[in-house]
Amino acid sequence: MNFAVRSHPIRNAVTILRARGGEDRALQLRMHTLIERQVCQVTPLAAGLLDVTRITCGDQHLKRERVDLCVVVHAAIETLESEFNQRDHRVAVIWSDALVWLHADAGRLEQVFVNLLANASKYTDAGGDLAVSVQTSDGDAVACVRDSGIGIAPDVSPYIFDLFVQADEASPRSRSSVGIGLALVRMLTELHGGNVTAASAGLGQGSEFTVRLPQTR
């Protein structure tokens, strides 16, 4: 869904308010609520596009510091806790036995995992399962986000991290976004010297996203 389509409800609501708002307080309230909801949806999309543009143009600079990946991922989970509760998602977490140190931008890394977790929640039916793990392997920090959701079709899988690509474009859940989140995940992960991969047994079989980042001491 593009921004022109996104803006239609806002323009329609403004037109209705101008034409018939007047003293109709109930109508005003409905239109104001619609506008607020649409603005809340468009704002993160615009921010995502701005981030993608900055990275593509080489204008995104990381504020690196020594951070524990477990702390970053935990913050991302907390950010989406209300969404998980609303959709009755169960979230299982496995943490590394030791601190997982990175030289990284904590805010941007949290953005990576917020996007991955939001994507997992979005494509998983209410009452479904999500799982997160943070471990180390061969000198890398490895974080996995798994879900029991709709999965990824084999023909889409090679392009899942491209801009404007969605797991199932026919799904109403796909039509509610523009396919920026996973592209931004890939770009921010690569800025940190890492990589991200996706795996799925196919549609209806859930998905697993794995982020590997260079570990520091």
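Odds and ends about this structure:
- Length gained when the stretch residue 136-residue 26 is fully extended (0.36 nm per residue, less Cα-Cα span): 34.0 nm
- Annotation: amide H of residue 136 within the under-5 Å range of 142, sequence separation 5 or more or interchain, hydrogens built in the peptide plane.
- Applying 1/(1 + (r/R0)^6) with R0 = 35 Å to the Cβ-Cβ distance of residue 56 and residue 97 gives a FRET efficiency near 0.35.
Read-outs: derived from the displayed coordinates by stated rules, not from any lab. None of these values were measured; they are calculated from a predicted model. Neighbour counts run over all protein chains shown; Cβ positions are idealised from the backbone, glycine included.
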